[in-house]
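Only the coordinates and a few stated rules stand behind these numbers; no lab work does. Being a predicted model, the structure only gives us computed values, none of them experimental. Please note: Cβ atoms are built from the backbone with ideal geometry, for glycine as well, and neighbour counts cover all protein chains shown.
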Amino acid sequence: NQKAKDILDADTSFIDQIGLKEQLSPTRANGLVSMIKQIKLYALGFEAKK
């Protein structure tokens, strides 16, 4: 239930700060990065439709 602008402005650097990617296998870490990128792309597309 977040607004698209809030998603686009979200700071995801905490993932690196807590070392989450280092705890995941390379495949899962890549998947996490891809998932975040895709969510932001959807938000960008939604914002563009307005």
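Bridging of LYS49 to lysines at a Cα separation below 24 Å is possible for LYS3, LYS5, LYS37, LYS40, once same-chain residues fewer than 8 apart are set aside.
Max-minus-min Cα coordinates of the chain on each principal axis give 38, 19, 15 Å, with the largest extent listed first.
For the chain, the longest principal axis of the alpha carbon atoms and the long axis of helix 26-49 meet at an angle near 10°.
A simple count of charges around MET35, restricted to other residues whose Cβ falls under 14 Å of its Cβ and scoring Lys, Arg +1 and Asp, Glu -1, yields +4.
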